[in-house]
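**Student:** Sharing a structure here in structure tokens format.
The values are calculated or read from the model by the stated rules, or taken from the named source; none is laboratory data. Not measured: the values here are computed from a predicted model. Don't worry about glycine lacking a Cβ; one is built from the backbone with ideal geometry, like all the others, and counts go over all protein chains shown. Surface accessibility is based on the protein's heavy atoms, side chains included, excluding ligands, DNA and RNA. Shrake-Rupley method; radii C 1.70, N 1.55, O 1.52, S 1.80 Å.
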Amino acid sequence: MTECTVQGELFGHLGRARIEAEFDGGDISSDAGGALLLRQVERRLGLLAAAAKCLPDDRDPNRVR
């Protein structure tokens, strides 16, 4: 898990206004969770294996990594 630190005045002031930012959003994903949801669906339903069976692949399996 990522270690978090607390920083006081990270951005300082703009004129008389102090600029503040809080990074306490909890556990979030940069892709808004779409890829994580798709991964869970794939694990349960086997969508990629089913799709792979529908796609022809004429390559020599001994030459494909």
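**Student:** Could you order Glu22, Glu42 by accessible surface area, starting with the largest, using a probe radius of 1.4 Å?
**Tutor:** Glu22, Glu42
**Student:** Under a point spin-label approximation (7 Å from Cα along Cα-to-Cβ), what is the Asp24-Val41 distance to one decimal in nm?
**Tutor:** With each label placed 7 Å out from Cα toward Cβ, I get 3.5 nm.
**Student:** Given a 1.4 Å probe and heavy atoms of the protein chains only, how would you sort Asp57, Asp24, largest accessible area at the top?
**Tutor:** Largest to smallest exposure gives the sequence Asp24, Asp57.
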